[in-house]
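Peer 1: My questions will all concern the structure given below.
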There are 4 protein chains.
Amino acid sequence: MSSFFSDGGDDGPGSEPGLRERIWRTIFLSDTKSGQIFDVILLILIGASVAIVMLESVETLRSLHGYKFLILEWFFTLIFTVEYGVRLWAVRKKRRYALSFFGIVDLLSILPTYVAIFFVGTQYLMVIRILRLLRMFRVLKMAHHFGQANVLMNALKSSAPKISVFLFFILTLVSIEGTLMYIVEGGSNPGFSSIPQSIYWAIVTVTTVGYGDVAPLTVVGKILSSVIMLSGFAIIAVPAGIVTAEIGRENLALRMDRRKCDQCGWTGHDPAAIYCKHCGCKLHV
Amino acid sequence: MSSFFSDGGDDGPGSEPGLRERIWRTIFLSDTKSGQIFDVILLILIGASVAIVMLESVETLRSLHGYKFLILEWFFTLIFTVEYGVRLWAVRKKRRYALSFFGIVDLLSILPTYVAIFFVGTQYLMVIRILRLLRMFRVLKMAHHFGQANVLMNALKSSAPKISVFLFFILTLVSIEGTLMYIVEGGSNPGFSSIPQSIYWAIVTVTTVGYGDVAPLTVVGKILSSVIMLSGFAIIAVPAGIVTAEIGRENLALRMDRRKCDQCGWTGHDPAAIYCKHCGCKLHV
Amino acid sequence: MSSFFSDGGDDGPGSEPGLRERIWRTIFLSDTKSGQIFDVILLILIGASVAIVMLESVETLRSLHGYKFLILEWFFTLIFTVEYGVRLWAVRKKRRYALSFFGIVDLLSILPTYVAIFFVGTQYLMVIRILRLLRMFRVLKMAHHFGQANVLMNALKSSAPKISVFLFFILTLVSIEGTLMYIVEGGSNPGFSSIPQSIYWAIVTVTTVGYGDVAPLTVVGKILSSVIMLSGFAIIAVPAGIVTAEIGRENLALRMDRRKCDQCGWTGHDPAAIYCKHCGCKLHV
Amino acid sequence: MSSFFSDGGDDGPGSEPGLRERIWRTIFLSDTKSGQIFDVILLILIGASVAIVMLESVETLRSLHGYKFLILEWFFTLIFTVEYGVRLWAVRKKRRYALSFFGIVDLLSILPTYVAIFFVGTQYLMVIRILRLLRMFRVLKMAHHFGQANVLMNALKSSAPKISVFLFFILTLVSIEGTLMYIVEGGSNPGFSSIPQSIYWAIVTVTTVGYGDVAPLTVVGKILSSVIMLSGFAIIAVPAGIVTAEIGRENLALRMDRRKCDQCGWTGHDPAAIYCKHCGCKLHV
């Protein structure tokens, strides 16, 4: 299970079934009764602590319950600090866990509360705790969903080079479009007061988000915008095409079979096939 | 016809052709003259009653014709109540009908008027009657459209796990993006007054809806928004890719060979296959 | 050439090469020198007349040049009226031309000017003349583009049943979503003053257009909107999936070959293949 | 390497390894130490000069550092002018370089500063320098990314005819939709004051950008808008479908068999093929 979701601490076979081994199994795996209970409690604590951070940011709630929020915040942070310490103690390959995706997230989840003693406002960074909820996939034993997530991940990973090339083109494009709009509208429209501001508008437009906080006012600006929007029409199709083609390939790869008939050389057999569909001979692995 | 659109009451063969049987056939099937007339009248009544509810919500119309709307509302509700009673009486497997999709919709379609006696405003929930119009597909004998709807349904159903994983990632993403924007813009922009409010903005942005009721004002906020929008560009492509791949697979399944091996009964052969891939026997057309 | 773009008047072979025949060939086909000159002049006239109608609608230009616009309008209309008369006279199957797509467009292109004598404002309907520009494809001898347009048309045509089913679901969905938002926001937000108005908002939201003229104000309304937007995320993928699958099928159909090797029964040959790729025997048509 | 990204000056083999040859190799290729250093310095200069132009457009920065910006602008322009001259001198096929994509971009990158002496404001056109950054792909030796970009380019190129046909249909559609909205809303809504203005709205709507600077106000206008938006729903899927199908085909082409018949030289064989489909000879691996 060396997938993206790996804990970086899920290999401990061969160690003696001592206390540390049992605690490791409880914390990192979900294959024991105690492990499952631990995971469920942890998920509830994470969910509650994220909700507290979010609610605390609401002015009216903070002025009413600010003190309670602070206590709860420290309560959750202390629990997660202890949990992080125990994880580090229990796992055998400490460095591998500490540098894994979840190891880093676990650390970043407790730091903001401590940093907030010195720098006001940083406690909201605790929202990063929400990433810990991704562990949920393991807890819920959603092996199937896990497979789905991996298909998605692989498709995105193999799309990545194409999409990064694509994003570079988009950045070049919006820079030029934004500059043109600045030249056209800059003088008369406060929304195009500088090139960076106009590039912001171009990004809002090409991605079809279209807030409307900045919109062209002059006739030439509207014509240019129309050209930009229509060209963006074709552009928005490109990432969809890239990802679709990759997902199709992933799906195909899952179903493909590389066996070839010894007798007639026919390939492209169903993975479930026993006999060659062309000559009726038995197929070998 | 145990498809999604099934009435849960469409199996009555073998029963004596008595009154109940004839009424059942008229109400639940569309294969008799009287059944078709019943369906068309019902669809007109449903359409009219939904239109009445919608028009009643318009202030100017309500103040003018409020009394007439109330009478019509009760008129339609009483008809549909009687119809629901007759359906329950006529069908043999009462529980199966009552718990089917259309059975529940039929019940929910009449409840709001009665509940509105006690709780003002709930009568608008009658709009749920519009779901009864889905029966139209059966009435219009659109067998072909039916097949199309089922292809869509199957594609969506098999996309569901991938899309739910995807939505969970999106929720995690918008939570973090919203929090970052709250930290950046929270102090100076009333549109980012709290984390939940900022998450609302992030959802409006990532889905490319972009109302513009909330928009970044600071330079850092606009840069961060630009990154969010461009990353959302790749993201919006993912569901399209998932659904496309599934529809392609569904279409393929529809075209698959219908030959069945005489010997072992295996199906799903390649159109070019000569021998059964399971037992090696010759296939016949 | 019985494609979508057919003139309904393009079959005249066998008739004597008299005056009517020569005029018919000039007007309806583009295979003679005079026919090409006629088509180019016609396209220029159509473009100019559409531009005049559009410019006339601009208040400042109308007050300055209103009289000239009126004269030009009648000038173009009289030319197109004469052209329509000559077309009707020259073509053999008059009814077929008059009822074809372009025949109807040709008629609708001249009617608004005459109707505008009695009903002010209808002259803008002349913009329908723009449809006549679709003839351009034939003039420019863009046989290749023609094929492309037909692939698109076929893909859209075979997507039509799925997409109409899909639009019906969307209509049902936005009705229910709009009603829910009316119940939630109706009292406090003038943008949700009635159910039809709220359905308009739901359509603006689900299609991701998001004008922002109507936006939720209450907390519950924003939460409900977020759910609607995220669900719309999966929904917007469906038409893309449908059309993509159909275009893929169209492309495949263009390339497929139905030949089967007499010797070994192998199928799936390249349309350009002469010998069977499996056994090396000659292929027959 | 006659791809889209070609410099138009990258063929100099056979020339004597003199000074001009060495300078040519340094400037145009990246296969020597000095060539790589040159490219990295050039990219940094280009990036800095583009940043300067963008920052100069910000009012507050210009009033503070206007003089410094002007000096830097001329500094970069003089460097690039010298570079352009050396490129022209070093390359053998001068005309081919001067008319290549990068040759034209190189020239356009230096012109605006000179032209700005006579025409104020044109200096912002220097942003076109950003296109020179596309050379980065070569510098970073991202052969893989290069291949990805070419797949994208080929897919877009083969999609071009379909997409241009599609854009022509869209233009026809928004013209008619805009006119209808002008007739409906023109009298009461300043946002639909003329047909061109209404066409602008139609483009903003069909592309789902939806600024909201123009939005329907009347009931009929909102109903018509809803129809336009829902029909646009199906339309937006079309380019995605086109590009997806083309990328799929490109990917397929990449995987196609590279075997070549010894006898007749035919390529493009099925990976499962045993005999050449053209001459029937046996194929070798």
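The values are calculated or read from the model by the stated rules, or taken from the named source; none is laboratory data. Keep in mind it's a predicted model, so treat the numbers as computed, not measured. In this analysis, Cβ positions are derived from the backbone assuming ideal geometry, glycine residues included, and neighbour counts consider all displayed protein chains. All accessible areas refer to the heavy atoms of the entire protein, side chains included, with ligands and DNA or RNA removed. Shrake-Rupley method; radii C 1.70, N 1.55, O 1.52, S 1.80 Å.
Peer 1: From A:75, A:80, grab the single residue that is modelled with pLDDT of 90 or more, in the same structural domain as residue A:130 (by TED's automatic domain parsing) and open to solvent by 90 Å² or more (accessible area, probe 1.4 Å).
Peer 2: Unique residue meeting the criteria: A:75.
Peer 1: Starting from residues that are over 26 Å from residue A:192 (Cβ atoms) and polar (S, T, N, Q), keep the ones in the stretch B:171-197 and report whichever is farthest from the chain's Cα centre (by Cα).
Peer 2: Out of the qualifying residues, it is B:193.
Peer 1: I'd like the full set of residues that are outside any loop (DSSP other than H, G, I, E, B), of a type outside the set (A, V, I, L, M) and farther than 21 Å from residue C:103 by Cβ, limited to the stretch C:23-43.
Peer 2: C:33, C:34, C:36, listed by residue number.
Peer 1: Might you let me know whether the stretch B:204-224 holds any residue that is within 28 Å of residue A:237 (Cβ to Cβ), hydroxyl-bearing (Ser, Thr, Tyr), more than 8 Å from every other protein chain (Cβ to nearest Cβ) and surrounded by fewer than 24 Cβ atoms within 10 Å (Cβ to Cβ)?
Peer 2: Scanning the stretch B:204-224, I find no residue that is within 28 Å of residue A:237 (Cβ to Cβ), hydroxyl-bearing (Ser, Thr, Tyr), more than 8 Å from every other protein chain (Cβ to nearest Cβ) and surrounded by fewer than 24 Cβ atoms within 10 Å (Cβ to Cβ), so the answer is no.
Peer 1: Ok, one more. Against the definition (touching a residue at least 12 places away in the same chain (Cβ under 8 Å), surrounded by 15 or more Cβ atoms within 10 Å (Cβ to Cβ) and of a type outside the set (Gly, Ala, Ser)), how does residue D:88 come out, yes or no?
Peer 2: No; evaluated as a whole, the condition is false for this residue.
Peer 1: To continue, here is another question. Given the criterion at the interface with chain D (Cβ under 8 Å from one of its Cβ atoms) and at pLDDT below 90, identify the matching residue among C:230, C:167.
Peer 2: C:167
Peer 1: Identify, please: which residue in the stretch A:91-126 is touching a Pro at 6+ places or on another chain (Cβ under 8 Å) and in contact (Cβ under 8 Å) with a residue 12 or more places away in the chain and is, among those, nearest to residue A:49 (Cα to Cα)?
Peer 2: A:126
Peer 1: Out of B:53, B:40, which single residue is surrounded by fewer than 18 Cβ atoms within 10 Å (Cβ to Cβ), at pLDDT below 90 and in the same structural domain as residue B:125 (by TED's automatic domain parsing)?
Peer 2: B:40
Peer 1: Another question about this same structure. Name the residue that is nearest to the other protein chains (Cβ to nearest Cβ), counting only residues in the stretch A:184-198 that are of a type outside the set (S, T, N, Q) and surrounded by fewer than 24 Cβ atoms within 10 Å (Cβ to Cβ).
Peer 2: Per the stated criteria, the residue is A:196.
Peer 1: Determine whether residue A:116 is open to solvent by 20 Å² or more (accessible area, probe 1.4 Å) and either at pLDDT 85 or above or not assigned by TED's automatic domain parsing to the domain that holds residue A:43 (or both).
Peer 2: Here the answer is no, as residue A:116 does not meet what is asked.
Peer 1: Tell me, which helices (runs of 4 or more DSSP H) lie completely within the stretch A:49-122 with 2 or more residues that are within 25 Å of residue B:184 (Cβ to Cβ)?
Peer 2: Numbers: elements: A:59-90, A:94-98, A:101-115.
In the stretch A:49-122, the matching helices (runs of 4 or more DSSP H) lie at A:59-90, A:101-115.
Peer 1: So which residues in the stretch D:156-177 are buried (at least 21 other Cβ atoms within 10 Å of the Cβ) and among the polar types (S, T, N, Q), if there are any at all?
Peer 2: Hits for the stretch D:156-177 are D:159, D:175.
Peer 1: I've got another one for you. What is the number of the single condition among (1) open to solvent by less than 10 Å² (accessible area, probe 1.4 Å); (2) farther than 22 Å from residue C:164 by Cα that residue C:233 does not meet?
Peer 2: Of (1) open to solvent by less than 10 Å² (accessible area, probe 1.4 Å); (2) farther than 22 Å from residue C:164 by Cα, only one is false for residue C:233: (2).
Peer 1: Can you work out which of the residues in the stretch C:198-224 that are more than 33 Å from the chain's Cα centre (by Cα) and part of a helix (DSSP H, G or I) is farthest from residue A:215 (Cα to Cα)?
Peer 2: C:220
Peer 1: Additional query: Please go through (1) farther than 25 Å from residue B:172 by Cα; (2) in contact (Cβ under 8 Å) with a residue 40 or more places away in the chain; (3) among the polar types (S, T, N, Q) for residue C:225 and return the number of the only condition it doesn't satisfy.
Peer 2: (1)
Peer 1: For a quick check of your reading of the model, give me the residue pairs whose first member lies in the stretch A:41-63 and is in contact (Cβ under 8 Å) with a residue 12 or more places away in the chain and within 10 Å of chain B (Cβ to nearest Cβ), whose second is among the acidic types (Asp, Glu) and part of a helix (DSSP H, G or I), with beta-carbon atoms closer than 9 Å and at least 6 apart or on different chains.
Peer 2: Sorted first by the residue in the stretch A:41-63, then by its partner, the pairs are A:53/A:73; A:56/A:73.
Peer 1: Here is a follow-up. Filter the stretch B:233-248 down to residues that are more than 7 Å from every other protein chain (Cβ to nearest Cβ) and touching a Pro at 6+ places or on another chain (Cβ under 8 Å), then give me how many there are.
Peer 2: Here the count works out to 1.
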